[in-house]
Amino acid sequence: MLLLLFAVAVWAGIQNALAGGGSFVTLPALILSGLDARAANIASTIALFPGQVTTGWVGRKMVSGAGGLRFRTLVILSLAGGALGAGLLLLTPSSFFARLVPWLVLFATALFAYGSFFRKPKEDETPHLGRLGAGIAQFLIAIYGGYFGGGIGFLMLAALTAAGLAVRVAGATKNVLAGVMNAAAVAIFLFTPHIPWLRVGVVCVGAIGGGYLGAMALKRVDERIIRGFVVLLGVALTIGLFLRQGR
């Protein structure tokens, strides 16, 4: 099982570097390893965090504020929202979260598909969000990110471009903010009991290695193929989770 987790984590790291959605892979693998849905989500968040830090560090020079808000303000909102979302997760009974997971995966898959294949942001897109709108959007996204996390990249990309950022700058900014909001969640999750550290460590090492491979292959692999696979995986996972819930 540990070898399977490692292989899955390598793929998740590659997937995150090329297209995102690595938690679509690690979450079901950790559930399959014997964890309940909430524990698997916590373990996945902790294990994938170092890879997010690496990605954010690489693109740190391109980050920017948005909608009239300083980048520092967006960081504070991300930390606060991520901590709140993580706290809500810990207050959610495992049985309830297990029932909620299929719907969260369905939402994240639909969001991923929309951001990958249907939304066509432009570099000169007219801003729609001002200071208040950008702040509220980032805070709500951070809460969702701390609670579950699937699809937060596309939520932030949509919000940041609507706040006036160019697509490439928005991409770099959302990578850093994703790491920030998950840092708050991880800081809280580390104090939860019964963390499966062996499995977390295996996934962490595999994801870091996969992230490195993904970064090397970024200019050689057709990203649309990876994104298409992520959507198909999300659909299959959603169906499987609903069928398992109906037993």
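The values are calculated or read from the model by the stated rules, or taken from the named source; none is laboratory data. All figures in this text were calculated on a predicted structure; none of them were measured in a lab. So basically every Cβ, Gly included, is an ideal-geometry build from the backbone, and we count neighbours across all protein chains shown.
Residues considered: Gly151, Gly85. Of these, the only one that is modelled with pLDDT of 80 or more, under 24 Å from Gly13 (Cα atoms) and under 14 Å from the mean Cα position of the chain (by Cα) is Gly85.
The residues of region 38-66 that are under 17 Å from the mean Cα position of the chain (by Cα), among the small types (Gly, Ala, Ser) and surrounded by 24 or more Cβ atoms within 10 Å (Cβ to Cβ), listed by number, are Ala40, Ala43, Ser44, Ala47, Gly51.
The C-beta contact set for region 85-107 (first residue within 14 Å of Thr238 (Cβ to Cβ), second residue of a type in the set (Val, Ile, Thr), distance under 8 angstrom, 6+ apart or interchain) comprises Leu100/Thr92; Pro102/Thr238; Val105/Thr238; Leu106/Thr238.
Pick from Val8, Val25: which is part of a helix (DSSP H, G or I) and modelled with pLDDT under 90?
Values: Val8 fails: modelled with pLDDT under 90.
When all the criteria are applied, what remains is Val25.
Inspect region 6-29 for any residue being over 23 Å from Phe139 (Cβ atoms), among the β-branched types (Val, Ile, Thr) and more than 17 Å from the chain's Cα centre (by Cα) and give the result as yes or no. There is no residue in region 6-29 that is over 23 Å from Phe139 (Cβ atoms), among the β-branched types (Val, Ile, Thr) and more than 17 Å from the chain's Cα centre (by Cα).
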